1. B plus A alone minus the pair: what accessible area, both sides summed, probe 1.4 Å, in Å² to 100?
2. Please report, in cubic angstrom per residue, the volume enclosed by the convex hull of the alpha-carbon atoms of the stretch B:14-112.
3. Which FRET efficiency value, to the nearest 0.05, is calculated for B:Thr116 and C:Phe301 with the Förster distance at 41 angstrom and r the Cβ-Cβ distance?
4. Pull up all non-local amide H partners of C:Gly451: gap of 5 or more, or a different chain, and H-to-H distance under 5 Å with H placed in the peptide plane.
5. If you look for lysine pairs in the stretch C:380-529 that are eight or more places apart or on different chains, how many of them have Cα atoms under 20 Å apart?
6. What lysines does B:Lys159 reach when the alpha-carbon gap must be under 25 Å and sequence neighbours fewer than 8 apart in one chain are set aside?
7. Just how large is the dipole of chain B about the Cα centre, in debye to the nearest 20, putting +1 at every Lys and Arg Cβ and -1 at every Asp and Glu Cβ?
8. Roll a 1.4 angstrom probe over the protein heavy atoms and tell me the percent of accessible area of the protein assembly as shown that is carbon or sulfur.
Amino acid sequence: MAFKHKPLTTKLVFIALAMFGFGFALVPLYDVFCDLTGLNGKTASTAASADAAIVDTSREVVIEFIARPNKQMPWVFEPEVTRMTVHPGEIHITNYLAQNPTSRLIVGQAVPSVSPGQAALYFHKIECFCFTQQRLAGGKDMLMPLQFYVDPALPRQFSTITLSYTLYDVTSASTDLTATSSQLGE
Amino acid sequence: MTKTRSLRWSLPTLLLAASANAADMPLNMTKGVTEISQRVYHLHMTIFWICCVIGAVVFGIMFWSIVRHRKARGVQPAQFHESTKVEILWTAIPVLILILMAIPATKTLIAMEDTTEADVTVVVTGSQWKWHYKYLEHDVEFYSLLATQKEQIANRFAKGENYLLEVDRPLVLPTGKKVRFLMTSDDVIHSWWVPAFAVKKDANPGFINEAWTRIDEPGIYRGQCAELCGKDHGYMPIVVIAKEPAEFDKWLAGEAERIAKAKAEEQELLAMNMSLEELMSVGERTYTAYCAACHQPSGEGLPGIFPALKGSSIALNDKPAHIDIVLHGRAGTAMQAYAKQLSLKEIAAVITYERNAWGNSTGELVQAADVHAVMQGKGE
Amino acid sequence: MSAVVTDHEHDHEHHDHKPSGIKRWFYTTNHKDIGTMYLVFALIMFFIGGTMAMVIRAELFQPGMQFVEPNFFNQMTTVHGLIMVFGAVMPAFTGLANWMIPMMIGAPDMALPRMNNWSFWILPFAFLILLISLFLPGGGPNFGWTFYAPLSTKYSGDSTALFVFSVHIMGISSIMGAINVIVTIFNLRAPGMTWMKMPLFVWTWLITAFLLIMVMPVLAGAVTMVLTDKYFGTSFFDAAGGGDPVLFQHIFWFFGHPEVYIMILPAFGIVSSIVPTFARKPLFGYASMVYATSSIALLSFLVWAHHMFTTGMPVFAELFFMYCTMLIAVPTGVKVFNWVATMWRGAMTFEVPMMFALAFIVLFTIGGFSGLMLAITPADFQYHDTYFVVAHFHYVLVTGAVFSIIAAAYYWLPKWTGHMYDEKLGQWHFWCSLISVNLLFFPMHFVGLAGMPRRIPDYALQFADFNAFISIGGFLFGASQLIFVWVLVKCARGGEKATAQVWEGAEGLEWEVPSPAPYHTFETPPVIK
């Protein structure tokens, strides 16, 4: 009796297990989907190549820079300029100011988000402080550079691109901190 | 597009009015005060009426059948059980009706999502349980908190007209201009909703979302957070005051001046010492507004969620750590950094209060200068 | 599944005597016993979840905070949702499947009886864990039954691990139950019971079971990610670590929307059994019912993001999900039209099961209309997360799923107990429920349109009158269900003797065995005409 049911039962258990795996597969699939569609305004987390395309001087795009330390992040974190008008294809550099007002070392991670989401596909960062974690000792400040260009293929409907950074305190999760904190006697 | 003159939401139909026993509450979606909100309203009504007609036909046939085709009337049941013709018909007709619905819906949606060429941009940040507004091109930013007294919520005082829908500092916007909102959050997901503008957009931590509105009429518009965001989700209202552009500019300039002046005063304060009474009274007010939601008015917190301050070793002993936590928050917990939310005076007062209330009698005073020292990294 | 139960089982499986006392229920592998246990469990959970709803309605009776704290209020809404979905509606359907599917397809029992015993008996422990968590410091889950991250990860209480564990057990139970249903239907149909001869209840449950094994594991994945995000430092949903909180909603609703159909497809099957019986006329459009059910199930995998229009999606994605969602109205409409056509020119009588089935058709359709309105994205921005949504899903779940379960209980009670239920009391139960449920949920449409958000413990003064009204409806509806318990107890203990066919117009294998159905039925397969 039970023997008769084994093949089908095994198949169904396999489907269930595969779907459990699929739940986790949704995580990378989602990232791929976001990369393709610009859903959620995620930008690439690695550098784009610097050999940009031809500069399109026929139009201008306004880039807005927003910086927000998360509410648990004590750093002061501000863009040097809040607005910039660029031609698609031109390479620009802008800086963000970070200052750690506390007396301890804090590691920060900036998370970028671009709006409108689809424009994220055309916003290329050649160099960005958001690619890596940033470490700043207590009382110190620093300028963090961002080098970028806007893809000339940007659809005409986008005249403004907003780039927002949220800065998180990732000190406790940071891997290379152990040495430093023992040094500071914490 | 018809213009609504008053802020009162319209009473729609006889059908709906039949159950109208609460004169104060509108029974239908608001028409709102923007072109988009009115388009949404008309879309809503169109679909509502289509549903009513379909419902009347289907239920009509059903009730006719219930009345006529009952065994008690001595009828013999028919035995038919399919008809390809009828089945194709009642698949095709709904498809056509749906297409008719989809056309205006698509047009309205595309208009709603077009955030280009805005005149004013406001960054809206939700956090547990308040809103923060920042005018992007200006040096004006502030928090907006529920202004209803705790006593009203606890039924000790009579409830005011705008119970739970009033804030200490409303968002002020110009009429007739395209206002763009950039939504984000500092902790959990919130959702910024003002029905009169038909704007509801989630504020996601770490990401920005866009929405826009163009308000036709000056007035006061109220809304609420629409995404469950924890304990006090019901207590983070939104109030928007729409002013004529000239008045708006005047307000914005005044606000910038006020913020600059407050900063200058902070510097003077560093040299002054406040008395225990003054610190305790300012402290209690600040504590009630900012801290009591989590740590509770009794200072006992909520076990397992929010730690108690009463009898806590930090509040009794470690003064620099206490100041540091209030200023900079504690990563990985719900404790936020108040350095940018509160003035030096308020922070000094609230820490003094926490160190002297509920039997935490350290007798210690914390002055603005102490707070400033920790802020500058010299406190430890 | 386990050595503990196996030895006991073998002796009983093919003999017509049942073990006595409490052991019978612990060790039973009989589909009828397990079906009964599922149904009783669902009823108990319905009352526990209902009590929480009463707490919610008591607090919302007046503006201001009267009885509970906001944190406890949130725990009530969360656990009410979890219990009603996973503890009441789903086990009730599984109980009906256990009782009826073998009898409807001429099988002696479920295909995997020992697994059947397990899939039931882990369920009480899942809910015990969930309920215990309410009494821990910090309380139970308070982040809504949808447990959106990061509210359920970084910002949740200490009991979240218990919540996750409990959901895992519920999921395993459902998956085992679903596997059992599929194997039973595939392998144990009586000779001659071809696919297109199966009763619709069997068909809808087969499709439901496939939905269950497709999506319950995804839910298990979602809660696992919540667990590791909270306790083991992963960042699936935390932007600071490269994750995305909106991803959680995609995963959750990929499970959540098919879940909605899991809770309604068996109801379609029940109504499709009851209406022809009392109209004394064959079901209209049997084949189109099967196709409509299948297409609803398929479409349910393509519409999940309509729960998330306000999270900020590109326009083309919003349009895609809007169109797919609207499309679901077509097969759903076909079902309603078929039921009405079945009634047309029948010879109807209106016993309690028929009354509940008729109420189901009308009220579920109203829930369907509000669902269609919610599908329209621009309007959804105004409806989303308001009481309009609460009204919508209670119309499809209470007057939809729950009404169908009650109808099924009245319909098959004589078969289960061998006695007719008290028709008069049953009619009282029906009319009290019908009136109070509409007092309870209909005004919620207006409150929602007027702008009251859901999941708030306190509200602005303009909503006060309606909320008082709704609360009274709620208390009445709760009280009406006590009549149901009375009817059930009375019927179990005695009453007019039921015939094998019970209802004049009833057709199907389950009506060919005597009432009450013997402990073992169809040990030799019946002959299908």
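The values are calculated or read from the model by the stated rules, or taken from the named source; none is laboratory data. Because the structure is predicted, anything quoted here is derived from the model rather than measured. Methodologically, a virtual Cβ is constructed for each residue, glycine included, from the backbone with ideal geometry; neighbour enumeration extends over all protein chains shown. Heavy atoms of the whole protein, side chains included, go into the accessibility calculation; ligands, DNA and RNA do not. Shrake-Rupley method; radii C 1.70, N 1.55, O 1.52, S 1.80 Å.
1. Chains B and A together bury roughly 2600 Å² of accessible area.
2. In the stretch B:14-112, the Cα convex hull volume per residue is 127 Å³.
3. Approximately 0.75, to the nearest 0.05.
4. For C:Gly451, no residues qualify.
5. Total qualifying Lys-Lys pairs in the stretch C:380-529 comes to 5.
6. Partners found: B:Lys130, B:Lys150, B:Lys231.
7. 2000 debye
8. Its accessible area is 63 percent carbon and sulfur atoms.
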